[in-house]
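Here is the structure we will look at, set down as structure tokens.
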Amino acid sequence: MNDPVEATRTYYAPRGGMPNPKTRAHDRSVFTNAYAVIPRGVMSNIVASFLPGWIGCRAWILARPMTGFAETFAQYLIEMMPGGLSDKPEPDPNAEAVLFGLRGDMALEIDDQTYIFRPGSYAYIAPGTDWRIINRHEGRSNFMWVRKNYEWLDGVPAPESFVTHDDDVPLSYMTEEDRNWATTRFVDPGDMRHDMHVNIVTFLPGGNIPFAETHVMEHGLYVLQGRGVYYLNEDWVEVEEGDFMWLRAFCPQACYASGKEPFRYLLYKDVNRHPKLRLD
């Protein structure tokens, strides 16, 4: 894009707390067999989860494998209090992960190498990797955690873990004629070692997906910045920063940026593997 746009990147993190008891029990939450919308106002104290092995931390679990919902991944929004930490965060040795920083400064250790993890930081953690994280910020820190059961290929090794930052990865424009729609690809799409991509999609104000995508990948979308209107199956839904969307495989989808700033979201999708022919 251009320097002014890149300079305005922000990463929304929830504030927690309790809802105002005088408000009506109504929000933009939607759950259907094709998609779900979890608005940011839902992420309050009363729906947070506490996890074994996480000290001074809590999570909003946004997606998990279950009948009629997400099938290939789980997605958490983690909040760490000052000094919060986990020395053994992942209980499943076959799980791979992507972490994405939203707020605060954390120390992320992967295989004895320590990284400063801050808003916009991105980490891919390979299955079976030893990692830990601690909040060294004076306030609360937040990051997104996407977990997936890694699907091995015969003769193909798992990808290596790595850490990078949103600012360090160039934008890929969807078309050179219309530079209002771009993707930040943290992994080469042609790298068959990877069975999931977690990218950032960016639309400038007025930018749009001009057709209803319908495809085999399922999605988890967390809105990092701005506002948009999303076409989900047969409905147009307004979303804003801090909202989460789940889209089932083959759910028709399109969108346009409706605010005065870039509309950006973190996008999960399963890739590079044959569909399973039998349900486990």
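The values are calculated or read from the model by the stated rules, or taken from the named source; none is laboratory data. The structure presented is a predicted model; accordingly, all values stated were derived computationally and were not measured. Quick reminder, even Gly has a Cβ in these numbers, built from the backbone with ideal geometry, and neighbours come from all protein chains shown. Side chains included, ligands, DNA and RNA excluded: accessible areas come from the protein's heavy atoms. Shrake-Rupley method; radii C 1.70, N 1.55, O 1.52, S 1.80 Å.
Numbers at a glance
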| item | result |
| --- | --- |
| Accessible carbon and sulfur surface of the stretch 15-112 relative to its total accessible area, %, 1.4 Å | 56 percent |
| Relative contact order %, the stretch 136-227, counting alpha carbon pairs below 8 Å whose residues are six or more apart | 21 percent |
| Value of D in µm² per second that Stokes-Einstein yields for the stretch 202-280, Kirkwood Rh from Cα pairs, at 10 °C (1.306 mPa s) | 120 µm²/s |
| Kirkwood hydrodynamic radius (C-alpha pairs) into Stokes-Einstein, the chain, 25 °C and 0.890 mPa s, D in µm²/s | 127 µm²/s |
| Size of charge dipole - the chain - debye, nearest 20, with Cβ of Lys, Arg +1 and Asp, Glu -1, no other charges | 1080 debye |
| Listed residues PRO19, LEU51, THR32: farthest to the positive end of the dipole of the chain (Cβ charges) | PRO19 |
| For the stretch 77-148 and the stretch 193-267, distance of Cα centres in Å | 25 Å |
| Dipole magnitude (debye, nearest 20) for the stretch 165-280, charges at Cβ of Lys, Arg, Asp, Glu | 320 debye |
| Rounded to the nearest 20 debye, dipole of the stretch 168-233 from Cβ charges on Lys, Arg, Asp, Glu | 240 debye |
| Relative contact order computed over the chain (Cα-Cα under 8 Å; 6+ residues apart), in percent | 18 percent |
| P(r) histogram, all alpha-carbon pairs of the stretch 1-157 included - 5 Å bins from 0, percent | 2, 8, 15, 19, 18, 15, 12, 7, 3, 1, 0, 0 |
| Under-5 Å amide H pairs with MET174, H placed in peptide plane, nonlocal only | TRP181, ALA182, THR183 |
| Average projection area in nm² (convex hull over Cα atoms of the stretch 47-100, one quarter of hull surface) | 4.5 nm² |
| Those aspartates and glutamates that a straight Cα-Cα span of less than 16 Å connects to LYS260, excepting residues fewer than 8 apart in one chain | GLU6, GLU238, GLU240, GLU241 |
| Gain upon complete extension [ARG28, ASP92; 0.36 nm per residue less C-alpha separation] | 19.7 nm |
